[in-house]
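Below is one structure, written out as structure tokens; comments come after it.
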Amino acid sequence: MRTIPRRAIVFAPALAALLLLAGCSGTPTTPDSSGAGVPSGNAGFQAARDAYDLKLAQCLRDAGFDVKDPAPGQGITEDIPGLNDAAGPCMAELGDPPRPDAQVDETEFFTTMLGWADCLRGRGLEVVDPQLGEAFVLPAEATDEDVAACIPPV
């Protein structure tokens with residue numbers, strides 16, 4: 001059974017958006033203001049997400065964490081104590097991560113995150129209530145078993 005790495009939970013809204021990409025294919029272009037084709041769809045989203053991840057990595061380095069520039073399509077993979085806590089202020093500074101053309105219903109996803117929190121509490125963990133429009137923060141003491149039991153794989 002695949003599980004979501006703990007460090008990925010901070011980026012849960014973006015992960016949910018990736019679920020919507022499963023049915024997407026091709027890379028259509030749409031004209032920009034100059035009339036030139038601009039990639040849209042998965043490739044355009046991925047390029048924007050990769051750029052965002054590079055900025056996030058730099059912000060985390062500025063905050064004192066030894067974070068490498070992420071490989072394209074990989075995101076930040078380091079599992080460093082305190083990294084999730086530092087990611088919140090960095091994401092607030094950078095703004096929301098890019099989303100694919102298909103938008104995630106934030107209210108529906110918020111309800112999903114509330115379910116995750118309830119499940120983790122049922123396993124004896126202290127969980128901060130998620131807030132609408134914000135990332136879900138997984139408690140540092142959560143085990144892989146807790147994650148597998150409460151958060152379905154992507």
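The values are calculated or read from the model by the stated rules, or taken from the named source; none is laboratory data. The structure displayed is predicted, hence computed values, not measured ones. Here the Cβ is made from the backbone with ideal geometry for all residues, glycine too, and neighbour counts use every protein chain on show.
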Legend entry - Tally of residues being assigned to a loop (DSSP other than H, G, I, E, B) and farther than 14 Å from MET113 by Cβ across segment 143-153: 2
Legend entry - Candidates ASP129, ASP96, filtered to the one that is of a type in the set (D, E, K, R) and at pLDDT below 85: ASP96
Legend entry - Extreme residue, surrounded by the most Cβ atoms within 10 Å (Cβ to Cβ), among residues of segment 104-132 that are closer than 15 Å to ILE151 by Cβ and in contact (Cβ under 8 Å) with a residue 40 or more places away in the chain: MET113
Inset, instruction - Tell me which residues, restricted to segment 81-136, are touching a Pro at 6+ places or on another chain (Cβ under 9 Å) and not in a helix (DSSP H, G or I). - result: ASP96, PRO97, ARG99, VAL104, LEU125, GLU126, VAL127, VAL128, GLY133, GLU134, ALA135, PHE136
